[in-house]
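K.L.:
Sharing a structure with you now.
The values are calculated or read from the model by the stated rules, or taken from the named source; none is laboratory data. Keep in mind it's a predicted model, so treat the numbers as computed, not measured. FYI the Cβ positions are ideal-geometry reconstructions off the backbone, even for glycines, and counts take in every protein chain you see. Calculation scope for accessible area: heavy atoms of the full protein, side chains included, ligands and nucleic acids excluded. Shrake-Rupley method; radii C 1.70, N 1.55, O 1.52, S 1.80 Å.
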Amino acid sequence: TKDQNTENSKIEDNNTENEEELNKGAKKEDTSMQIGAPSALLMEASTGTVLFEQDADTKRPPASVTKIMTMLLIFDAVESKKISLEDKVPVSEFAASMGGSQVFLETGETQTVDTMLKCISIASANDACVAMAEHIWGSEEEFVAKMNARAKELGMEHTNFLNCNGLDADGHVTTARDIALMSRELITRYPKIHDYSTIWMENITHTTKKGTTEFGLANTNKLIRQYQYATGLKTGSTSKAKFCLSATAKKDDLELIAVIMAAPDPKARFKDATTLLNYGFGKCTKYKDTTPFELEPLKIRGGIEKEMPVAVETEFQYIDTTGANLSGIKRKIEIDQEKQAPVKKGEKVGTVTYLLNGKKIGEISIQIQKSVGKMQFKHAFAEIFQNFLL
């Protein structure tokens with residue numbers, strides 16, 4: 001039921017560990033023994049490398065961690081210009097009726113998308129989630145359908161959303177692995193989320209028929225204040241889900257996601273997440289290839305244009321957990337000498353393979369940068385005529 005959602009700052013404040021305990025280092029050799037929650041997973045964000053997992057594919061209710069997908073869809077809508085952060089969002093009677101963690105929005109009240117994101121990210125507001133769902137897709141049901149479609153796109157194979165806020169509902173489930181996948185998509189595609197998820201406390205203004213009042217938002221993720229590298233992301237708790245967390249943290253160039261599900265209390269979930277994050281920062285070394293590529297233009301046979309520039313599809317990144325000397329990484333380039341027209345922009349024309357001590361550790365594609373059509377008679381005639389004039 002709605003009243004089952006126990007996620008609010010008052011409850012979680014009473015169960016917070018002190019900073020000294022949260023920042024203890026984890027022993028690498030027995031990390032699995034230190035994770036008390038039934039399900040957990042640690043992922044490196046830029047590559048998606050899984051560094052640790054424990055019962056990561058068991059379906060469990062996620063509580064308000066559901067809101068990671070809700071926020072992802074909000075940012076999708078902003079990026080596509082379906083909405084803007086300045087839009088005024090009306091609150092329906094249904095949205096205002098949400099129980100559990102809320103910011104007590106009233107029917108007919110309006111708040112900007114920016115404020116609604118703060119309410120969702122900081123205070124885990126169920127009422128703000130439903131108001132946003134209705135604003136973007138007309139109804140919560142339609143919004144939830146989009147949530148499930150987005151989950152499918154991300155490869156979240158064991159997820160089924162029934163609402164946009166995580167209130168307990170039979171069949172509303174996901175897994176630690178799937179939570180990591182949607183968390184990764186949100187923080188890498190929309191790093192602006194950290195502008196919201198790192199706010200510790202902030203006031204919003206309610207303007208209704210009764211007048212204007214201030215309401216204080218307090219972050220439900222106590223790691224924001226108690227863990228040095230914390231950047232977010234979302235807590236969740238209900239009677240069925242127990243205590244869940246997707247914790248993100250960044251140290252230097254390394255960004256990690258620690259997912260905890262079904263911990264017995266808030267103290268346990270924060271401790272488990274801290275253990276995983278410390279383990280990851282201590283174990284991982286990140287390699288990024290920043291050496292420029294000097295790739296010759298690709299010759300196009302029978303094309304309107306005779307050659308076209310090529311480039312790598314993305315920057316290569318690699319996560320090592322073995323302590324290897326990454327200065328020994330070599331790259332091997334294999335590329336086509338020419339291509340028969342027509343060719344399309346983005347078409348693969350080569351591969352850059354990366355080797356460490358002679359062993360392949362990854363590869364990226366080399367792609368053509370512009371489409372080239374096949375030469376027709378009129379093009380050939382124009383070329384002959386131009387050469388004649390020269």
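K.L.:
In the structure displayed, which of LYS88/LYS222; LYS222/LYS271; LYS250/LYS283; LYS152/LYS345 lie more than 19 Å apart, Cα to Cα? Don't skip to the end; give the middle numbers.
P.N.:
Values: LYS88/LYS222 30 Å; LYS222/LYS271 11 Å; LYS250/LYS283 14 Å; LYS152/LYS345 27 Å.
Where the Cα-Cα span goes over 19 Å, the pairs concerned are LYS88/LYS222; LYS152/LYS345.
K.L.:
Moving on to the next point. Below 17 Å, Cα to Cα, which lysines can LYS240 reach? Residues fewer than 8 away in the same chain don't count.
P.N.:
Of all the lysines, those that pass the test against LYS240 - Cα under 17 Å, at least 8 places apart if same chain - are LYS2, LYS59, LYS67.
K.L.:
May I ask you to order 88-94, 289-295, 100-106, 152-158 by the average number of other C-beta atoms within 10 Å around their residues, highest value first? List each step's numbers first, then the result.
P.N.:
Values: 88-94: 15.3, 289-295: 10.3, 100-106: 22.4, 152-158: 13.7.
Ranking, from highest mean packing down: 100-106, 88-94, 152-158, 289-295.
K.L.:
I've got another one for you. Among (1) 23, 59, 18, 0; (2) 24, 27, 9, 21, 18, 2; (3) 26, 46, 23, 6, 0, which is the computed P(r) over Cα pairs in 20 Å bins from 0, in percent?
P.N.:
It is the one labelled (3).
K.L.:
Additional query: Counting only protein heavy atoms, what percent of the accessible surface of the stretch 195-246 is carbon or sulfur at a 1.4 Å probe?
P.N.:
50
K.L.:
Carbon and sulfur atoms: what percent of the 1.4 Å accessible area of the stretch 249-358 do they account for?
P.N.:
Carbon and sulfur atoms account for 45 percent of the accessible area of the stretch 249-358.
K.L.:
Normalise the Debye intensity by I(0) for the stretch 232-390, one equal point scatterer per Cα, no solvent, then take log10 at q = 0.16, 0.18, 0.21 Å⁻¹ and round to two decimals.
P.N.:
-0.94, -1.04, -1.19
K.L.:
By what distance, in whole Å, do the Cα atoms of the stretch 95-147 stretch along each of the three principal axes, largest value first?
P.N.:
Taking the Cα atoms of the stretch 95-147, the three principal extents are 25, 22, 21 Å.
K.L.:
Can you tell me what the convex hull of the Cα atoms of the stretch 219-316 projects to on average, as an area in nm²? All intermediate terms of the calculation are to be shown ahead of the outcome.
P.N.:
Values: hull surface 43.1 nm².
If I average the Cα hull's projected area over directions, I get 10.8 nm².
K.L.:
Still on this structure: Determine the shape class of the stretch 40-100: with a ≥ b ≥ c the square roots of the Cα gyration tensor eigenvalues, call it rounded for a/c under 1.5, and otherwise prolate if a/b is greater than b/c, oblate otherwise. Let's see the in-between values first.
P.N.:
On the way: a/c = 4.47, a/b = 1.59, b/c = 2.82.
It is oblate, given that a/c is not under 1.5 and a/b is not larger than b/c.
K.L.:
Let me ask something else about it. Among 358-367, 192-201, 162-171, 265-274, how do they line up from the highest to the lowest mean number of other beta-carbon atoms within 10 Å?
P.N.:
So the order, starting with the most tightly packed, is 265-274, 162-171, 192-201, 358-367.
K.L.:
Loop only by DSSP, 12 or fewer other Cβ within 10 Å of the Cβ. Give me the trypsin sites (Lys or Arg not before Pro) in the stretch 280-347 that pass, ordered by residue number.
P.N.:
Answer in residue order: LYS344, LYS345.
K.L.:
Can you list residues whose amide H is under 5 Å from LYS339's amide H, if they're 5+ apart or on another chain and H is modeled 1.01 Å from N?
P.N.:
LYS299, ILE300, ARG301
K.L.:
Rolling a 1.4 Å sphere over the protein heavy atoms, what is the accessible area per residue of the chain, to the nearest Å²?
P.N.:
The answer is 48 Å² per residue.
K.L.:
For a test of the definition: using alpha carbon positions, the gyration tensor, and the 1.5 limit on a/c, classify the stretch 92-237 as rounded, prolate or oblate. Intermediate values should be presented prior to the final figure.
P.N.:
Working: a/c = 1.95, a/b = 1.20, b/c = 1.62.
Oblate.
K.L.:
What does the convex hull of the alpha-carbon atoms of the stretch 295-363 project to on average, in nm²? Mind dumping the intermediate values first?
P.N.:
On the way: hull surface 21.2 nm².
With the hull built on Cα positions only, its mean projection is 5.3 nm².
K.L.:
Where both residues lie in the chain, what percent of DSSP beta bridges are antiparallel, nearest 5?
P.N.:
95
K.L.:
Sticking with this structure for a sec: How big is the Rg/Rh ratio for the stretch 148-228, C-alpha atoms only, Rh by Kirkwood, two decimals?
P.N.:
Answer for the stretch 148-228: 1.07.
K.L.:
Shifting gears a bit: Excluding same-chain residues fewer than 8 positions from LYS330, which lysines have a Cα within less than 18 Å of its Cα?
P.N.:
Counting by Cα, and skipping residues close in sequence, LYS330 has these lysines nearby: LYS286, LYS288, LYS359, LYS360.
K.L.:
Which shape class, rounded, prolate or oblate, goes with the stretch 255-301 when its Cα gyration tensor gives a ≥ b ≥ c as root eigenvalues, a/c under 1.5 marks rounded, and past that a/b bigger than b/c marks prolate? Display every interim value, and only then the final one.
P.N.:
On the way: a/c = 8.15, a/b = 3.19, b/c = 2.56.
In terms of gyration-tensor shape, prolate.
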